[in-house]
Amino acid sequence: MFTAGIDVGAKAIKVVVLKDGAVAVRRLGLTGFEPRESTLKVFEQALREAGISRKELAFVVATGGGRKEVDFADGEITEVGGAAKGSVFCFPTAKTVIDVGAEEGRGIRCDSAGKVVDFEINEKCAAGAGAFTEAMSRALEMPIEEFGALSLKSTQAIPMNAQCAVFAESEVVSLIHAKTPKADIARAVHDAVASRIVSMVRKVGVEKDVVLIGGVARNVGFIDAMNRSLGFDVIVADDPEYIGALGAALVAHESVSHGRKS
Amino acid sequence: MAKAMYRMEPLKCWNKAKEIRQDYYRDYATAHEKGGIRWAGGAWTFGAIPEGLGDDVYSLTSEPYGASIAFDKSFSLKCLEAVEKKGFARDLCSYMRNYWGSIILDRYAFGGKFPKPDFLWQDHICCSHAKWYQVVSDLEGGIPMFCIDVAAGPYHEMNGHKLRYIVDQMHDGIEWLERITGREYDDGKLIEAVHNECRSTSTWAEICVLNKAVPAPLDEKTMYSLYVLGTLKKHSREVADFYEELRDEVAYRVENQIAAVANEQCRLMSDTQPPWGFLKIFRYLEGFGAVSVGSLYTFALIGMWEDQPDGSWGPRKTPAQKGVTIQTRDEALRILADWNMSKPEWQHFYSPHLKSEMMIRIAREWKLDGVMLHYNRGCEGLTVGIAENRLALIEAGYPVMAFEGNMGDEREFDEDRTMSRMDAFMETLGFKMVRA
Amino acid sequence: MFEHFQEWYDRRHDYARAWKDKDAGKVVGYFCTYVPEEIFYAAGVLPVRVLGSHEPQDVTEPHIFGMFCPFCRDVLAQGLKGRYDYLDGITIAQSCLHIRQSFTSWQKHVPVEYSYYLCMPHHVQSLRAHPFLTAELEELRKSVEGWTRAKIGDGELDEAIEVYNESRRLLRRFNDLRKGPNPPVSGEEAMLVSITNQMVDKRDHSVVLEDLLRRLPGRSVGNGTKKRLMILGSENDDLPFVRMVESLNAVIVADDHCTGTRYYWNPVEPRDNRLEAIAARYIERPACPTKDWPERTRVPHVLNLARDHRVDGAIIIQQKFCDPHECDIPAIKKAMEEAGFPCLFLEFDVTVPIGQFRIRVEAFLETLGMEDLF
C-alpha cells in the first residue's frame, strides 16, 4: 500500500512516499514563485521514482505553509503536527522537536505517539531562522556550508545581540570593519541564532531527547551552537528537511490503516 | 457540512447597541453646538465625576476611539505614519498612536475635523496613560488636564489611607473642574452617575456569567460590540438600562439553548485586546466548532465581580442592591473609588500571578478546552506578565496557544501565520475544520 | 584612581557576599531607584540594585514577552542564572511596568525569603502623594522590622539618612567638578563612580569617594578641543559605549539617568516625622517619566543640567521598547534643540553595535564642530 506526504515549504517542496509504512522515495524541489506547479512537478518525479501512478496512491496528506495549494490531497496536517509525527517515527525517544527552517523556528513537545502536547513559534523579535544565517554568510562572501564549518574553527566567543536581526546585522558589519577573524564572526552569528531558538524552545520546556529538524539542521555550526546553548547534544535527523513530509505520509498511512479514507 | 447542533438567532438588541455607540461619538463632536462641554480621557477614567457638571457633558474615551480607528485599516495607517513622522516610536501603545494621528491629521474617525476637548480627565493606569494626554495637550496647543493616580495597590490590600489617596485626588479634581469650566458642581448628578456605573458594570458581569452555559449564548466577537458601551459611558443610565435589557435577552437564549456557534464543540477563552483589524479570526475558529466565550479582558475590564455564596465567580452586588443610599459627595467618591479599585482587570498590574488565578478560575467555571493568548505588542498595560499567565495556565492543565499581534497597528499582525497557528492548535486539541 | 570603583563594578557579587559574611547581615536587591533604601539600611540591611550583565541570554523568554525592554529581561536573567543567589530579599517601588515583571517573575521563580512591593505614587506633582507615601512607608517599616527583627526608630533612621545624605553630598560635589572648563573626570569614570554607589555600602563608597575628591584637583581630562556632551534617557550602564564616545575627542560632562544623577540628586531634608521626610525626598527627586505629569518637570531640569555643565550637545539613550521615555523624548529633544543643544538619538539593547554607533557619534560630533567654523 502506497501513501504520500507533501510538504510545501516557503523555499522547498518535499515529497515522501511510503510503501507499507516504510520510506520508499524522497524528493525535493524548489518552491519558487509558482508553488502549485512546483508541487506537481516534484510529486510526479517522486511517483516516477517509486514506479507508481497517482491512482495507486491510497492516501495523500499535505503539510507545510503552502499545503492548501495541494488541492488533490486527501487530508492535511499542520507543519507542527507533521514535524512531531515524523520525528518520533525516526527517534521514538524524542520528547522535544526543534524545527528550524528558512522563515520560522518552532519548538514542539510531543508524546511517544508523535502527538503534539505544546508548541511555540519564534516571535517577531528574533535573529532566528535560516534566512538570517544565510544573509550573514553572504555578507562574509562564502557559501552557507562553509560558513557553518568555519564557525567551528573560532577561538573566541563574541557576544552578539540576539534579539533583533537588524541590530545583529549591524554588529556583524562592525565586526567585519574591525577585522575580526571570520571564524569568530561566524560563531557569533550561529550563537545568536541558536540563542533565539533555544529561548523560544524554553517556553515549551526542554525535555530529552531533543531532535533537530528542518533545513538549518544541516548547518554544523548551528548544531554546535545549539548543543552549547542547551548544554547537551541534540539528535540531528539525517535528512532533516524531509521530516515534515514523512510525518504527513505517516498520517496518510494511519488514515488508511484505520479505515479513515473518505 | 455537519448538521447544526444548536439553534442560532441574531440578538434583538443588537441595533440598539450600535445606535448608542454612534450617538455617543456624534454627541461628543456636536457638544458645543448645544452649548455643552466635552472632555477626553481613558476608558478607565472616573467618568462619573464630570457628570456633576451638568446634563450636557460629553466624553471621548481614548482606547475605544483608538480601536475604532484600527477597524479602518487605511485611516489607521495614515494616523500611525503621521505619528512616526513626528518622532514617536513605533512600539508605543497603538491606541495612543492612532488617537494622536487623528489629531495630527485633524480628522475625526466619525467624520469631520477632530473635535478638540475642553479639558482632559484621565487616570494613570499604565506608564503611558497620563503621558498620552500630555502629548495630546502638546499637539492641541494646550488643554487643561487633570489626572488621578490609582496605583494604590491590589484590592485585597485596600485600606483607609490608600482609599483616601484616591478620593482626595478626586476631591481636588472636582475643585479643578469647577475652576476650569466655571460651572457649579451638582453632587446629586454625581451620585446618580455612581449608581448607574455600579449597575451597568455589575450587570455586565451577570451577562458574562450567563456564558457559562453550554452552548454559550454569546461569542466573544459579539461581546466586544456590547462591552464597548461600558468603555464609553458606564456611568450613564442609558448603558445601565441597556445592559439590563441585554441580560434578559441573553438569559432567554440560555433557557432556550440558542447558541452563538451552532456547532459548539470546543470552548476557548482569549486574552488581551484582540487585533481589532482582524476579528475574522474568531469567525475562522467557528469553522472548527470553537467558540471563544470571553476573557478576563472582556469580562472584567468593564465588569465588576466578587465571590458568590456558592463559591463561584459572579457579579459584585451594587450599593443599591445592598440598600445603601449615597448622601454626600465624599460617600459617592469613596464608593466610586472602592468600586473601581476592585476591578479584576486592574489587579494584574501588581502581579501577573493574581491574574493567572482569575484566568484559571474562568477556565474552570466556564468549562474551557483551551486558551488563546494574544501577545499584544500594542498594549504594555494588558500584556504585562502574559508570559507568566501562559505558564500558569499550562501548569493548571489548560492548553495555550500564543500568537503575536497588535491591537491597533495592523502592520504587526500576520494573518496567515496566525491562522496557521490556529490550525496547529486546533489539531493539538483534536478538532478538525468542518469543510462546507 | 578609579581602580577601587572598577573592582566594585567587576566584582559586585563578591562584595555583597563578603559584606554578608562580615556581620551576618542581610542583603536586599532593589529593582527601581524609587525604593527608599534608607528604611532598609536603618535595619542593618544592605540594599543593592539589581542590574543586568549585558550578555545575550536565552532564559527569560518563558517569563517576559520579548517586547518589553532588554534591561528588564537582562535583570531577570541574572536571577534565573543564580548570579544574585546571596540576596535575602527583593524589593521594588512601582514605576514602570517593564521592570515590574522582573520583580514578579523573580518572586515566583527565584527563591528569596522576603519580597516587598511598595506602592510609590505616580502623582508626585500632587500634595496628596505625601500623606499617602508616608503611610505606605509606615507599612514598609513594619514589614522590614518583622523581617529583620530590628527596630527602625528615629535614631536608626537618622543614622541611615545621614549616611545616604553624605553619599549624595559627595556625589553632587563630584558631579559639580564636571561643570568646569577642564573636567577632572571622564564620563566613563563618572559612570563608574555613580553606578558603584548602587552596588556597595554607602559608607564604604563615601570613604573612597572622599579620598578621590581630595586627589582630583589639578587633574584634567580635557584638551581644550573636546566636545562636551550630556547623556540622558532610560537606564544606562553601558560603559563600553561611553568609552567609545570619549575616544572620539569628546567628554561626557553631564547625565540624567537613574544610574547617574537622577539617583543621587536630592537629599532627605529634616522633618520631625522621619518617614514623611523620606517620602518627600522620593516624591521631589528628578522624576522618572512614569511620574512626570501633568507638567513636564524633566524638561527644565535637563535644560538646567545642560546649561550648568555647558554642554555642546546631548546623546539621548533609550532602551529598546521603553514606553515611558519614548513618550518624553520628542518633547525633550525639541526643548533641548530649541535651547541650542543639538541631540543625537540612539536606541539601546543589552549589547550595542559599537561600530555603527561610532559612525553616528562621529557624524554628530562633526555637526557640533560645524558651528565653530562659522
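The values are calculated or read from the model by the stated rules, or taken from the named source; none is laboratory data. Note that the coordinates shown come from a computational prediction; the quantities given were computed from them, not determined experimentally. Virtual Cβ from ideal backbone geometry, glycine too; neighbours counted across all protein chains shown.
Which helices (runs of 4 or more DSSP H) does region C:10-81 wholly contain that include 3 or more residues that are more than 14 Å from chain A (Cβ to nearest Cβ) and surrounded by fewer than 21 Cβ atoms within 10 Å (Cβ to Cβ)?
Because the criterion is at least 3 residues that are more than 14 Å from chain A (Cβ to nearest Cβ) and surrounded by fewer than 21 Cβ atoms within 10 Å (Cβ to Cβ), the helices (runs of 4 or more DSSP H) in region C:10-81 that meet it are C:12-23.
Which residue is surrounded by the fewest Cβ atoms within 10 Å (Cβ to Cβ), if the candidates are limited to region C:101-111 and must be more than 7 Å from chain B (Cβ to nearest Cβ) and modelled with pLDDT of 95 or more?
Here the answer is C:109.
Looking at region C:287-302, which of its residues are farther than 16 Å from residue C:126 by Cβ and surrounded by fewer than 22 Cβ atoms within 10 Å (Cβ to Cβ)?
Result: C:299, C:300, C:301.
Is it the case, given these coordinates, that residue B:190 is touching a residue at least 40 places away in the same chain (Cβ under 8 Å), more than 19 Å from residue B:326 (Cβ to Cβ) and not polar (S, T, N, Q)?
no
Among the candidates C:211, C:238, C:255, C:204, which residue alone is closer than 22 Å to residue C:167 by Cα and surrounded by 20 or more Cβ atoms within 10 Å (Cβ to Cβ)?
Sole residue among the options that is closer than 22 Å to residue C:167 by Cα and surrounded by 20 or more Cβ atoms within 10 Å (Cβ to Cβ): C:255.
Would you mention how many residues in region B:148-173 are within 25 Å of the chain's Cα centre (by Cα) and under 25 Å from residue B:117 (Cβ atoms)?
Qualifying residue count, region B:148-173: 9.
Return yes when residue B:83 is among the aliphatic types (A, V, I, L, M), under 26 Å from residue B:379 (Cα atoms) and either within 14 Å of another protein chain (Cβ to nearest Cβ) or touching a Pro at 6+ places or on another chain (Cβ under 6 Å) (or both) and no when it is not.
Yes, satisfied.
Inspect region B:59-72 for any residue being modelled with pLDDT of 95 or more and either in a loop (DSSP other than H, G, I, E, B) or more than 19 Å from the chain's Cα centre (by Cα) (or both) and give the result as yes or no.
Taking every residue of region B:59-72 in turn, none turns out to be modelled with pLDDT of 95 or more and either in a loop (DSSP other than H, G, I, E, B) or more than 19 Å from the chain's Cα centre (by Cα) (or both).
Inspect all residues belonging to region C:189-206 and state whether any of them is out of contact with any helix residue (DSSP H, G or I) (no Cβ under 7 Å at 6 or more places or on another chain) and under 26 Å from residue B:131 (Cβ atoms).
Checked region C:189-206: no residue is out of contact with any helix residue (DSSP H, G or I) (no Cβ under 7 Å at 6 or more places or on another chain) and under 26 Å from residue B:131 (Cβ atoms).
Residues that are within 14 Å of chain C (Cβ to nearest Cβ): list the helices (runs of 4 or more DSSP H) wholly contained in region A:141-256 that include at least 3 such residues.
In region A:141-256, A:165-177, A:182-201, A:220-230 are the helices (runs of 4 or more DSSP H) which contain 3 or more residues that are within 14 Å of chain C (Cβ to nearest Cβ).
Under 6 Å by Cβ, and 6 or more places apart or on different chains, what pairs join a residue from region B:78-95 that is free of Cβ contacts under 8 Å to residues at least 40 places away in the same chain with one that is in a loop (DSSP other than H, G, I, E, B) and of a type outside the set (Lys, Arg)?
B:82/B:105
For region B:155-162, check the following and say yes or no: at least one residue is closer than 22 Å to residue B:325 by Cβ and either of a type outside the set (Ser, Thr, Tyr) or touching a residue at least 12 places away in the same chain (Cβ under 8 Å) (or both).
no
Looking at region B:399-424, which of its residues are within 8 Å of another protein chain (Cβ to nearest Cβ) and not in a strand (DSSP E or B)?
Result: B:399, B:412, B:416, B:417, B:420, B:421, B:423, B:424.
Do you know which residues across region C:303-315 are surrounded by fewer than 23 Cβ atoms within 10 Å (Cβ to Cβ) and closer than 12 Å to residue C:345 by Cβ?
C:313
Just wondering, is there one or more residues in region A:123-143 that are crowded, with 18+ Cβ neighbours inside 10 Å, out of contact with any Gly (no Cβ under 6 Å at 6 or more places or on another chain), over 30 Å from residue B:392 (Cβ atoms) and of a type in the set (A, V, I, L, M, F, W, C)?
Checked against the condition, which is being crowded, with 18+ Cβ neighbours inside 10 Å, out of contact with any Gly (no Cβ under 6 Å at 6 or more places or on another chain), over 30 Å from residue B:392 (Cβ atoms) and of a type in the set (A, V, I, L, M, F, W, C), region A:123-143 yields at least one hit.
Take the residues of region B:350-366 that are touching a residue at least 60 places away in the same chain (Cβ under 8 Å) and assigned to a helix (DSSP H, G or I): which is farthest from the other protein chains (Cβ to nearest Cβ)?
Selected residue: B:365.
Within the set of pairs 6 or more residues apart or between chains, which connect a residue that is modelled with pLDDT of 95 or more and outside any helix (DSSP H, G or I) inside region B:221-244 to a residue that is buried (at least 24 other Cβ atoms within 10 Å of the Cβ) and among the polar types (S, T, N, Q) with Cβ atoms less than 9 Å apart?
Partner pairs satisfying both residue conditions: B:234/B:200; B:234/B:201; B:235/B:200; B:236/B:200.
Within region B:137-155, track down each residue that is in contact with a helix residue (DSSP H, G or I) (Cβ under 8 Å, 6 or more places away or on another chain) and away from chain C (no Cβ under 11 Å).
B:140, B:155
Among the numbered conditions (1) surrounded by fewer than 24 Cβ atoms within 10 Å (Cβ to Cβ); (2) not in a helix (DSSP H, G or I), tell me where residue B:252 comes up short.
(2)
If you go through region A:67-75 one residue at a time, do you hit one that is over 30 Å from residue B:373 (Cα atoms), in a helix (DSSP H, G or I) and either away from chain B (no Cβ under 14 Å) or under 15 Å from the mean Cα position of the chain (by Cα) (or both)?
no
Could we say that residue B:108 is touching a Pro at 6+ places or on another chain (Cβ under 8 Å), of a type outside the set (A, V, I, L, M) and at the interface with another protein chain (Cβ under 9 Å from one of its Cβ atoms) here?
no
Would you mind stating whether residue B:97 is within 11 Å of another protein chain (Cβ to nearest Cβ), surrounded by fewer than 22 Cβ atoms within 10 Å (Cβ to Cβ), within 30 Å of residue C:320 (Cβ to Cβ) and of a type outside the set (S, T, N, Q)?
no
Could you check region B:274-345 for strands (runs of 3 or more DSSP E) lying wholly inside it with 2 or more residues that are acidic (Asp, Glu)?
Output list reads B:305-307.
Condition check ((1) closer than 22 Å to residue C:33 by Cβ; (2) hydrophobic (A, V, I, L, M, F, W, C); (3) modelled with pLDDT of 95 or more; (4) surrounded by fewer than 21 Cβ atoms within 10 Å (Cβ to Cβ)) across all residues:
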residue	(1), (2), (3), (4)
C:121	yes, no, yes, no
C:124	yes, yes, yes, no
C:137	yes, yes, yes, no
C:142	no, no, yes, yes
C:145	no, no, yes, yes
C:157	yes, yes, yes, no
C:169	yes, no, yes, yes
C:172	yes, no, yes, yes
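Restricting the first residue to region B:405-422 and requiring it to be surrounded by 20 or more Cβ atoms within 10 Å (Cβ to Cβ), which pairs with a second residue that is small (Gly, Ala, Ser) and part of a loop (DSSP other than H, G, I, E, B) meet a Cβ separation below 7 Å and a spacing of at least six or different chains?
Once the first residue is surrounded by 20 or more Cβ atoms within 10 Å (Cβ to Cβ) and sits in region B:405-422, its partners that are small (Gly, Ala, Ser) and part of a loop (DSSP other than H, G, I, E, B) give B:406/B:378; B:407/B:378; B:408/B:378; B:409/B:378; B:420/A:65.
How many residues does region B:373-429 hold that are of a type in the set (Val, Ile, Thr) and over 20 Å from residue A:79 (Cβ atoms)?
4
If residue C:333 satisfies all but one of (1) under 22 Å from residue C:300 (Cα atoms); (2) without any contact (Cβ under 8 Å) to a residue 60 or more places away in the chain; (3) not in a helix (DSSP H, G or I), what's the number of the condition it fails?
All conditions pass for residue C:333, except number (3).
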